[in-house]
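Before any comments, here is the structure.
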Amino acid sequence: AAGYEPLICSSYRAWDKQTELFQKKVQSYLDQGYTHAEAEDQASFWVARPGTSEHQTGLAVDIVDQNYQLLDEKQENTPVQQWLMAHCDEYGFILRYPTGKSEITGIGYEPWHYRYMGLDAAMEIVEQGLCLEEYLDSTGKTT
């Protein structure tokens, strides 16, 4: 209704797809001269290890602006992301890996990755400026 064109570029992922994405990222670090252990550690900051991805649960979606489909930090400046960041909680979603929270989440900033939490939890998380880990710590809940 606001005239934006969001595009879901990734939703549910099967084990094989998550494995492929993770191994591809590991290989990119191996190609840069990292040891295998270092490459896996670096890769897991950007791509979840198979079995740990929220995409594998069906609770996460990657949403981009149709006019800018790159998964990089510039995504945050698109009109679609600006609108989503301001309104996602109204639909039960949170920006899962917000800026400035990487030390807590263990994952790099992803201004395109949204997780469904339900209306009440999403509104509370956004209102308090929390990431999921902080919210769960404050409530004593687990994922």
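What to note about this one:
- Per-residue extension of 0.36 nm, minus the Cα-Cα distance of Ala14 and Tyr34, leaves a gain of 4.4 nm for this segment.
- Solvent exposure of segment 1-94 as accessible area per residue, Å², 1.4 Å probe: 61
- Segment 1-118 has equivalent-ellipsoid semi-axes of 26, 15, 14 Å, by the square roots of 5 times the alpha carbon gyration tensor eigenvalues, sorted largest first.
- Magnitude of the charge dipole, the chain, Cβ model with Lys/Arg +1 and Asp/Glu -1, debye to 20: 340
- Listed residues Gly33, Gly58, Gly118, most fluctuating in the chain (Gaussian network, C-alpha, under 10 Å): Gly33
- Net length gained if the chain between Glu133 and Gln23 were fully extended (0.36 nm per residue, minus Cα distance): 37.0 nm
- Contour excess over end-to-end distance, with Cα ends at Asp72 and Thr57 and 0.36 nm allotted per residue: 3.1 nm
- Within segment 45-143, the trypsin sites (Lys or Arg not before Pro) that combine a DSSP coil assignment with at most 14 other C-beta atoms in a 10 angstrom radius are Lys141.
- Apportionment of accessible area to carbon and sulfur, segment 86-127, percent (1.4 Å): 52
- Considering helices alone, the calculated mean residue ellipticity of the chain at 222 nm is -12000 deg cm²/dmol, with DSSP H runs of length four and up weighted by -39500 (n - 2.57) and normalised per residue.
- The chain, relative contact order in percent, only Cα pairs under 8 angstrom and at least six apart counted: 23
- Qualifying chymotrypsin sites (Phe, Trp or Tyr not before Pro) for segment 29-72 [loop in DSSP, other Cβ within 10 Å: at most 16]: Tyr34
- A Förster radius of 30 Å, combined with the Cβ-Cβ distance separating Leu119 from Trp46, puts the computed FRET efficiency at roughly 0.50.
- Portion, in percent, of the accessible area of segment 1-51 that falls on carbon or sulfur, probe 1.4 Å: 51
The values are calculated or read from the model by the stated rules, or taken from the named source; none is laboratory data. Small disclaimer: the values here were computed from a predicted structure and weren't measured. Note: ideal-geometry Cβ built from the backbone for every residue, glycine included; neighbour counts use all protein chains shown. Side chains included, ligands, DNA and RNA excluded: accessible areas come from the protein's heavy atoms. Shrake-Rupley method; radii C 1.70, N 1.55, O 1.52, S 1.80 Å.
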